[in-house]
Amino acid sequence: MNNILKPYYLQAVERTKKLILEDVDRYLEKKDIMPSYNQYILDREEYISQIWLNTWINTAASHTSSDEKKKYLEQKGISIDGIPKKKLNQLFRAQIREVKPYDFQQWLDEFISDEPCSWKQIYTNAREGYLERKEQVEQRELQKKLESKFEYYMEKQVGKQYEDIYLYIRYLVGSHLAIEIERYGIVLSSQEITFEEYLYNEMELPYNKFHFIEDRSEAYESLILGYLIDFLPNWLKKEWPSHLLDEYKQVYKQHMSNSYLQEVGYDLFTDITFELIDDLLEEQLKDLLKLIDIPFDMEVHREIYERDITRREQKAFEDREERRRRKEEEARMIDDIFGREYYPPASRNIHYILHTGETNTGKTFQALTRMKKANSGLYLAPLRLLALEVFEKLNEEQVPCSLKTGEEEKPVMGAMHQSSTVEMFHEKDFYEVIVIDEAQMIADKDRGFSWYRAITKANAKEVHIICSLHAKAMILQLLGDSHVEVHEYKRDIPLEVEAQAFHLNHTRKGDALVCFSRRGVLETAAELQKTGRQVSMIYGSMPPETRKKQMERFINGETSVIVSTDAIGMGLNLPIRRIVFLENDKFDGIRRRLLTSQEVKQIAGRAGRRGIYNIGKVAFASDQRKMKQLLEKEDENIEGFTIAPTQAVLERFQKYSNKLSLFFYLWDHFKSPEGTKKASLSEEKLLYESILGTMIEARLSLYDLFSFLRLPFSTSEPTLRSQWKRNMEAIVENQELPEPYVKGTNLEELELGYKAIGLHLLFLYRLEKRTEVYYWERVREEISDKIHESLKSGIKSRKKTCRICGKDLPAMFKYSICNECYFVKRNFN
């Protein structure tokens with residue numbers, strides 16, 4: 001034997017001997033008559049050889065190292081230079097097959113000849129072991145069958161006796177509850193609560209002493225399971241078939257014990273526990289608590305339970321009927337209050353002129369020209385700035401015109417014309433001509449109803465409606481059979497889209513750079529100012545007076561570039577050579593989304609000015625192809641408009657209640673007519689929640705309170721919400737309004753101060769405190785000048801750094817983390 005393989009050879013021999021003896025036992029154990037030793041050798045000789053070969057090859061191959069295998073093969077004269085490991089193993093296994101096998105027959109002959117291990121004795125041991133195991137298997141099968149019978153009878157019996165079991169458990173749980181409540185001094189919120197409410201609500205009350213118990217439902221599940229394990233085996237045995245008990249005694253040689261039934265029935269008891277808990281949860285707590293004083297008697301408790309069930313079902317029926325009655329009453333209220341309030345009106349004897357077409361085509365100019373010639377006129381604007389612009393323009397042209405927006409009123413002596421924001425429209429005031437601008441805003445989810453109201457309830461001889469092309473069909477539908485004269489306008493100045501992606505260093509005189517946040521405007525302006533450019537800025541929270549001055553600087557050539565949000569797209573006519581989209585998406589209050597085709601057109605349409613730029617240019621910083629498609633895409637028609645509560649609706653509601661909480665509930669449940677969508681009233685609800693149940697709600701009439709809730713200010717600003725509430729408290733307590741928050745240390749605080757004074761003025765106008773109005777208008781104007789001067793003197797760009805690694809970011813970088821951190825974070829997640 002080769003020295004390398006010798007230890008593995010010896011291991012294989014010992015392992016093979018063990019396997020041969022196991023084979024002898026298997027061979028003999030099922031033989032009723034003992035076969036001879038020679039017969040075994042004859043039958044199993046070939047198998048023994050195979051046992052050895054398999055054992056030897058596997059032992060040697062798995063225990064011999066690669067170096068030992070190579071050495072062995074080299075000794076055999078086999079070249080193994082550069083041979084792969086797989087091939088090496090194959091050669092090794094092939095070579096060791098030739099190793100001479102151990103003489104196992106001689107070993108077995110010697111083993112059998114030893115008297116204690118005689119062939120007869122080996123047969124007797126194998127046979128007895130086999131028969132013993134066979135008996136054990138048969139016994140287990142009998143036990144298993146018997147266990148299945150018990151499970152079947154137990155389940156059947158429990159099904160028949162479930163109500164009796166439930167009545168007893170009900171008694172035990174009721175008694176436990178009574179002791180628990182008394183012991184821990186638990187104070188119940190009501191005597192009418194259910195067991196479910198007790199478990200899941202009452203235990204959460206702060207005055208209870210149960211905070212140390214984490215899960216009451218689990219505690220009661222364990223309690224009930226314990227009851228079942230304790231009493232149910234004895235209960236079931238009373239009705240047990242006698243043959244089943246006899247069979248148990250025959251199999252186990254003893255009388256059946258409760259512990260056996262507890263073990264066999266555990267899964268069943270667990271299932272029943274959950275059924276019992278489910279039924280108990282519906283019980284009134286007071287019905288369970290009274291059981292402690294009634295000794296358990298099955299029939300007595302059955303009577304009590306049936307009475308409780310009858311009463312409970314009657315109560316449930318009454319509750320259902322009450323809910324049905326309330327639902328019907330609610331439906332009648334909704335129909336009576338809202339009714340057909342929001343359906344388009346019938347034909348009216350008014351001459352409607354619809355001005356529709358692309359941006360910057362003179363639609364508003366034509367309508368205002370007609371209004372100026374009328375004896376009286378009303379212009380309704382989407383923005384305070386546009387109302388102010390028309391007010392100033394008409395007065396400059398010697399047409400006396402007053403101004404009325406939410407935050408300011410400027411009456412002009414003898415004026416028969418008025419310029420207002422659309423929210424200030426009052427349907428009872430008559431004018432010869434009314435002009436409603438940007439009427440596509442009818443689809444706006446928050447403000448759209450103001451346009452609906454103005455269009456459908458305008459009290460005039462002649463009404464001019466100005467809108468984009470995609471709103472035309474909707475407005476014609478609203479006007480129904482009324483006579484409508486339609487004027488469509490086309491751009492005389494073509495738009496040309498630049499193929500090259502825009503970079504900030506491409507900025508030229510006459511450009512308007514558009515991004516979609518105040519921060520974006522300020523950062524872009526700061527970068528341009530670093531290069532020495534004079535820049536005008538426009539963004540939504542900017543005061544109208546400041547916005548006007550910023551525009552004038554651009555018009556007068558004091559600035560060469562304007563940076564704006566999409567506020568530039570609404571009614572602002574400026575000498576813009578090129579509109580540049582620095583971003584293609586915007587945050588709409590819920591999520592960031594790609595601009596719509598109409599938004600792109602509305603903004604891009606501001607490029608070009610007759611006599612200055614006879615071609616309007618449009619550029620995009622990215623995705624030029626996609627954005628050009630949006631610009632050229634035909635708009636989908638507006639399909640619906642927004643509705644909101646009217647004065648008539650509130651008046652009808654007051655026949656039923658003065659509680660605004662009920663009004664908001666009914667509004668939420670009112671199904672708006674097809675083609676309309678309800679205003680969410682989310683801002684009004686937010687303010688209402690802050691004064692719910694206070695003296696403010698108690699002392700103000702419903703209509704007055706609702707009108708204060710609808711004041712147009714930025715409810716997203718916590719400071720302004722607090723100011724609103726303090727003003728409301730002052731009103732109901734008949735005190736002077738507290739002064740608004742005004743601080744002037746930086747641009748953000750100046751803008752917040754401007755808004756705070758605006759809100760203060762809304763209250764002053766509502767309370768008709770004219771003297772104070774004049775003072776605060778002057779203060780607001782001073783703040784507006786400060787904001788303008790701050791913007792004019794230059795914006796300091798903030799150093800941008802990655803919020804994860806702190807690395808410096810480019811000034812115009814869109815995100816708050818660098819690209820490297822973004823990819824690391826994404827790959828990690």
Inset, instruction - Go through the residues of segment 700-707 one by one and say whether even a single one is in contact (Cβ under 8 Å) with a residue 40 or more places away in the chain, part of a helix (DSSP H, G or I), touching a Leu at 6+ places or on another chain (Cβ under 8 Å) and closer than 30 Å to P494 by Cα. - result: no
Inset, instruction - Run I493 past the list (1) within 21 Å of A381 (Cβ to Cβ); (2) in contact (Cβ under 8 Å) with a residue 12 or more places away in the chain and report the number of the one that doesn't hold. - result: (1)
Inset, instruction - Give me the pairs, please: first residue somewhere in segment 178-193 and loosely packed, with under 12 Cβ neighbours inside 10 Å, second residue anywhere and in a helix (DSSP H, G or I) and at pLDDT 85 or above, beta-carbon distance under 6 Å, and either six or more positions apart or on two chains. - result: Q191/K286
Inset, instruction - Report whether or not T356 is touching a residue at least 40 places away in the same chain (Cβ under 8 Å), assigned by TED's automatic domain parsing to the domain that holds C467 and either of a type in the set (G, A, S) or touching a His at 6+ places or on another chain (Cβ under 8 Å) (or both). - result: yes
Inset, instruction - Could you run through segment 125-148 and say how many residues are farther than 30 Å from W107 by Cβ, among the charged types (D, E, K, R) and more than 52 Å from the chain's Cα centre (by Cα)? - result: 7
Inset, instruction - State which residue pairs qualify: first residue among the basic types (K, R) and inside segment 628-647, second residue assigned to a helix (DSSP H, G or I) in any location, beta carbons under 8 Å apart, and separation of 6 or more residues or different chains. - result: K633/S597
Legend entry - Selection count where residues are closer than 16 Å to L582 by Cβ and either part of a strand (DSSP E or B) or free of Cβ contacts under 8 Å to residues at least 24 places away in the same chain (or both), scope segment 532-542: 4
Inset, instruction - Would you check if I638 is among the aliphatic types (A, V, I, L, M) and touching a strand residue (DSSP E or B) at 6+ places or on another chain (Cβ under 6 Å)? - result: no
Legend entry - Among (1) surrounded by fewer than 21 Cβ atoms within 10 Å (Cβ to Cβ); (2) of a type outside the set (A, V, I, L, M); (3) touching a residue at least 12 places away in the same chain (Cβ under 8 Å), the one test that T546 misses: (1)
Inset, instruction - Quick one: count up the residues across segment 28-47 that are in contact (Cβ under 8 Å) with a residue 40 or more places away in the chain and in a helix (DSSP H, G or I). - result: 5
Inset, instruction - Return a yes/no flag: does segment 251-274 have any residue that is in contact with a Ser or Thr (Cβ under 8 Å, 6 or more places away or on another chain), more than 16 Å from Y153 (Cβ to Cβ) and in contact (Cβ under 8 Å) with a residue 12 or more places away in the chain. - result: no
Inset, instruction - Would you mind telling me which numbered condition in (1) farther than 30 Å from H669 by Cα; (2) in the same structural domain as G226 (by TED's automatic domain parsing); (3) touching a Lys or Arg at 6+ places or on another chain (Cβ under 8 Å) E275 fails? - result: (3)
Legend entry - Scan of segment 189-220 for residues that are modelled with pLDDT of 80 or more and in contact with a helix residue (DSSP H, G or I) (Cβ under 6 Å, 6 or more places away or on another chain), ordered by number: I193, F195, E196, Y198, L199, S217
Inset, instruction - Sort through P673, P712 and tell me the only one that's closer than 28 Å to K743 by Cα and outside any helix (DSSP H, G or I). - result: P712
Legend entry - Residue check, S722 under 27 Å from the mean Cα position of the chain (by Cα) and free of Cβ contacts under 8 Å to residues at least 40 places away in the same chain: no
Inset, instruction - Answer with yes or no whether L228 is touching a residue at least 40 places away in the same chain (Cβ under 8 Å), within 25 Å of Q157 (Cβ to Cβ) and assigned by TED's automatic domain parsing to the domain that holds V187. - result: yes
Legend entry - For E496: the one exception among (1) under 22 Å from G357 (Cβ atoms); (2) surrounded by 21 or more Cβ atoms within 10 Å (Cβ to Cβ); (3) among the charged types (D, E, K, R): (2)
Inset, instruction - Pick out the one residue from Y379, Y342, Y352, Y431 that is in contact with a Ser or Thr (Cβ under 7 Å, 6 or more places away or on another chain), at pLDDT 90 or above and more than 30 Å from W776 (Cβ to Cβ). - result: Y352
Legend entry - Residue among E768, E782, E772 that alone is modelled with pLDDT of 85 or more, not assigned by TED's automatic domain parsing to the domain that holds A621 and not in a helix (DSSP H, G or I): E768
Inset, instruction - Could you tell me which residue of segment 77-124 is nearest to the chain's Cα centre (by Cα), considering only residues that are surrounded by 13 or more Cβ atoms within 10 Å (Cβ to Cβ) and part of a loop (DSSP other than H, G, I, E, B)? - result: I83
Inset, instruction - Within segment 349-407, work out how many residues are within 42 Å of the chain's Cα centre (by Cα) and assigned to a loop (DSSP other than H, G, I, E, B). - result: 8
Inset, instruction - Please state which one of G640, G605 is surrounded by 22 or more Cβ atoms within 10 Å (Cβ to Cβ) and either out of contact with any Ser or Thr (no Cβ under 7 Å at 6 or more places or on another chain) or at pLDDT below 90 (or both). - result: G605
Legend entry - Residue identified as among the charged types (D, E, K, R) and either within 30 Å of R770 (Cα to Cα) or buried (at least 20 other Cβ atoms within 10 Å of the Cβ) (or both) among E485, E427: E427
Inset, instruction - Please give the number of the condition E74 fails out of (1) in a helix (DSSP H, G or I); (2) touching a helix residue (DSSP H, G or I) at 6+ places or on another chain (Cβ under 9 Å); (3) farther than 30 Å from Y123 by Cβ; (4) not β-branched (V, I, T). - result: (2)
Inset, instruction - Filter segment 265-296 for residues that are surrounded by fewer than 19 Cβ atoms within 10 Å (Cβ to Cβ) and closer than 30 Å to Y248 by Cα and give the result. - result: Y266, D267, L268, T270, D271, F274, E275
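The values are calculated or read from the model by the stated rules, or taken from the named source; none is laboratory data. Remember, predicted model here, so these are calculated numbers, not experimental data. Glycine gets a Cβ as well: all are built from the backbone with ideal geometry, and neighbour counts include every protein chain shown.
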